[in-house]
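Asks: Structure in structure tokens, see below.
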Amino acid sequence: MKMKMRMKKILAVIFAALMLMLMLMAAGCGGEETTPSQSVSPSITPGSQPEAQTPQTSPTQSETPSETPESPTFMFTDSAGREVELPRNIERVAPSGPLAQIVLFTLVPDKLVGLSGGFAEEQLEFMDNRMADLPVLGGYTQGTLNLESLMVADPQIFIDIGEVQNDSAGDMDGIQDATGITAIFVQMDSLESMITAYETLGMILGAEDQAQKLSDYVAATISDVVEAAAGIPENERARVFYGQNDGLTAVVDETVHSDVIDFVNAINVAQIESTIRGGAAEISMEQLILWAPDVVLFAPDSIYDDVDTRPEWSAIGAISAGMYYEIPLGPYNWMGRPPSVNRVIGVRWLANLLYPDMFPFDMAEEAREYYRLFYHWELTDAQVSDLLAKSTLK
């Protein structure tokens, strides 16, 4: 009897436990049901991140920027302080004068639509024949620019390059107003400014790669030569005379026409005022004797070839000692006629000529590299020989 009563109590406990488990299970299942007020936000799909973690696109930005047409123009402030609107893609360029012509030839020869001055036959030996077919527009600073020819050539941009003058802004405004052609001025009046000028022109003309190569070469020349030569002691600096025409037309000190001498830390003995256009002055033989230069440099087409047969020149110690040379020419004078980027190879040449132990350059290889990079031309052995025949140590 007691056994039956005990069994009933056990069954009752088990039954009560089962009922409790069923109730708990029912409550748990009911908690997973979704009511209308608890529905999933329609902005989040299964497997996505919550909206707060999703990057948002500004309404002013395109979601596909590569498909957005680029503006055809941009604003540019030139070295004369003028703000002008430039075409973004420039394929047709005109130079203002000989300095600009050389720079643009080294950077974008295929974009030139005309020249400030035609090339002589001997110059064309160092460049593509296409240059001979370009129309001559004249030079602005030379007073020969033909506005009608410029307009017919139809450049997208007219570029002046050089030293900033008081009237540089007015000059460019005048060209632009008279022709409707966008005109800008870019400063390039020192070796250092060549670097920034090339970078600026490369950006404007879509020639960044070539501009970088040219500016790198200029920077290397400054580092390899100009900075190194600055350490030459005063008493070891070479005294140089630079003569042209009859030899007694001195290219004077502290001008862009003679600054290659300064770059290599030599001394230009003609420390006088210029009296002739182009940084020159007429002097006497007596004056040259008093200056007593260590080295005499003759401009091309002067008296180099027969100076040693002229009795009056025998009184100049440098002539008697054979320390006289003719500046290389082709397509431009290496000392700066005109004073543009052709001076860069001149710096290397003159440093090697005056201080060969300090600057033992192989000028044949230096010339090949420079002409390849700046003039887009592979020098032949004969051309190298002609360039250096009168301009290296005897």
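The values are calculated or read from the model by the stated rules, or taken from the named source; none is laboratory data. Note that the structure is a prediction, hence the values are computed from the model and not measured. Using ideal geometry, Cβ is built from the backbone for each residue, glycine included, and neighbour counts are taken over all protein chains shown.
Asks: If you scan region 139-162, which residues turn out to be among the β-branched types (Val, Ile, Thr) and surrounded by fewer than 18 Cβ atoms within 10 Å (Cβ to Cβ)? Walk me through how you get there before you give the answer.
Replies: Taking region 139-162 first, the residues among the β-branched types (Val, Ile, Thr) are 141, 144, 152, 157, 159, 161.
If the condition is that a residue be among the β-branched types (Val, Ile, Thr) and surrounded by fewer than 18 Cβ atoms within 10 Å (Cβ to Cβ), then THR141, THR144, VAL152 are the ones that fit.
Asks: Something else: Within region 230-247, how many residues turn out to be in a loop (DSSP other than H, G, I, E, B) and closer than 19 Å to SER274 by Cα? Even if it seems obvious, please write down each step before you answer.
Replies: Within region 230-247, the first condition is being in a loop (DSSP other than H, G, I, E, B), and the residues that meet it are 230-233, 237-238, 245-247.
If we keep only those that are closer than 19 Å to SER274 by Cα too, we end up with 245-247.
Within region 230-247, residues that are in a loop (DSSP other than H, G, I, E, B) and closer than 19 Å to SER274 by Cα number 3.
Asks: Do you know which of the residues in region 250-284 that are touching a residue at least 24 places away in the same chain (Cβ under 8 Å) and hydroxyl-bearing (Ser, Thr, Tyr) is nearest to VAL296 (Cα to Cα)?
Replies: SER258
Asks: Mind checking which residues of region 273-298 are under 32 Å from the mean Cα position of the chain (by Cα) and surrounded by 12 or more Cβ atoms within 10 Å (Cβ to Cβ)?
Replies: SER274, ILE276, GLY278, GLY279, ALA280, LEU297, PHE298
Asks: Next up: Only residues that are under 14 Å from SER391 (Cβ atoms) and touching a residue at least 40 places away in the same chain (Cβ under 8 Å): list them for region 285-304, please.
Replies: Hits for region 285-304 are VAL295, VAL296, LEU297, PHE298, ALA299, SER302, TYR304.
Asks: Now a separate question. Residues that are modelled with pLDDT of 95 or more and more than 19 Å from GLY247 (Cβ to Cβ): find the helices (runs of 4 or more DSSP H) completely inside region 304-394 holding 2 or more of those.
Replies: Working: elements: 317-320, 343-354, 363-374, 381-388.
The qualifying helices (runs of 4 or more DSSP H) are 343-354, 363-374, 381-388.
Asks: Just give me the residues in region 73-128 being among the polar types (S, T, N, Q) and under 20 Å from TRP377 (Cα atoms), in sequence order. I'd like the intermediate steps shown before the answer.
Replies: If we filter region 73-128 for residues that are among the polar types (S, T, N, Q), which is where we start, we get 73, 77, 79, 89, 96, 101, 106, 116, 123.
Of everything in region 73-128, those that are among the polar types (S, T, N, Q) and under 20 Å from TRP377 (Cα atoms) turn out to be GLN101, THR106, GLN123.
Asks: Output the number of residues of region 223-249 satisfying the condition of being in contact (Cβ under 8 Å) with a residue 40 or more places away in the chain, surrounded by fewer than 17 Cβ atoms within 10 Å (Cβ to Cβ) and over 15 Å from LEU350 (Cβ atoms).
Replies: Of the residues in region 223-249, 2 are in contact (Cβ under 8 Å) with a residue 40 or more places away in the chain, surrounded by fewer than 17 Cβ atoms within 10 Å (Cβ to Cβ) and over 15 Å from LEU350 (Cβ atoms).
Asks: Scan region 276-303 for residues that are more than 29 Å from GLY330 (Cβ to Cβ), in a loop (DSSP other than H, G, I, E, B) and β-branched (Val, Ile, Thr) and report the count.
Replies: Final tally of qualifying residues: 0.
Asks: Taking helices (runs of 4 or more DSSP H) that do not extend beyond region 142-228, which have at least 3 residues that are hydroxyl-bearing (Ser, Thr, Tyr)?
Replies: In region 142-228, 191-205, 208-221 are the helices (runs of 4 or more DSSP H) which contain 3 or more residues that are hydroxyl-bearing (Ser, Thr, Tyr).
Asks: May I ask you to say which residue of ALA250, ALA270 is assigned by TED's automatic domain parsing to the domain that holds TYR325 and either in a loop (DSSP other than H, G, I, E, B) or within 29 Å of the chain's Cα centre (by Cα) (or both)? Step through it out loud before you land on a result.
Replies: On the way: ALA250 fails: either in a loop (DSSP other than H, G, I, E, B) or within 29 Å of the chain's Cα centre (by Cα) (or both).
ALA270 is the lone residue from the list that is assigned by TED's automatic domain parsing to the domain that holds TYR325 and either in a loop (DSSP other than H, G, I, E, B) or within 29 Å of the chain's Cα centre (by Cα) (or both).
Asks: In region 80-114, which residues are in a helix (DSSP H, G or I) and among the charged types (D, E, K, R)?
Replies: Those that are in a helix (DSSP H, G or I) and among the charged types (D, E, K, R): ASP110, LYS111.
Asks: Pairs needed: first member in region 345-374, assigned by TED's automatic domain parsing to the domain that holds MET194; second member anywhere, of a type outside the set (A, V, I, L, M) and surrounded by 16 or more Cβ atoms within 10 Å (Cβ to Cβ); C-beta distance under 8 Å; at least 6 residues apart or different chains.
Replies: none
Asks: Right, another one. Can you tell me which residue in region 339-394 is surrounded by the fewest Cβ atoms within 10 Å (Cβ to Cβ), limited to those that are among the hydroxyl-bearing types (Ser, Thr, Tyr) and over 27 Å from ILE319 (Cα atoms)? So that I can check it myself, show each step before the final result.
Replies: Step one: list which residues in region 339-394 are among the hydroxyl-bearing types (Ser, Thr, Tyr), which gives 340, 355, 370-371, 375, 380, 385, 391-392.
So of that shortlist, the ones also over 27 Å from ILE319 (Cα atoms) come out as 340, 370-371, 375, 380.
Working: SER340: 23, TYR370: 23, TYR371: 21, TYR375: 21, THR380: 11.
Looking at the filtered set, the residue picked out is THR380.
Asks: If we scan region 115-138, do we find a residue that is of a type in the set (A, V, I, L, M, F, W, C), in a helix (DSSP H, G or I), buried (at least 21 other Cβ atoms within 10 Å of the Cβ) and touching a residue at least 40 places away in the same chain (Cβ under 8 Å)?
Replies: Scanning region 115-138, I find no residue that is of a type in the set (A, V, I, L, M, F, W, C), in a helix (DSSP H, G or I), buried (at least 21 other Cβ atoms within 10 Å of the Cβ) and touching a residue at least 40 places away in the same chain (Cβ under 8 Å), so the answer is no.
Asks: Here's another thing I want to ask about it. Looking for something under 28 Å from MET358 (Cα atoms) and either surrounded by fewer than 18 Cβ atoms within 10 Å (Cβ to Cβ) or assigned by TED's automatic domain parsing to the domain that holds GLU122 (or both) - is there at least one such residue anywhere in region 257-265?
Replies: Checking region 257-265: at least one residue is under 28 Å from MET358 (Cα atoms) and either surrounded by fewer than 18 Cβ atoms within 10 Å (Cβ to Cβ) or assigned by TED's automatic domain parsing to the domain that holds GLU122 (or both).
Asks: Can we say MET172 is touching a residue at least 24 places away in the same chain (Cβ under 8 Å) and either crowded, with 17+ Cβ neighbours inside 10 Å or within 23 Å of TYR375 (Cβ to Cβ) (or both)?
Replies: When the stated conditions are applied, MET172 passes them.
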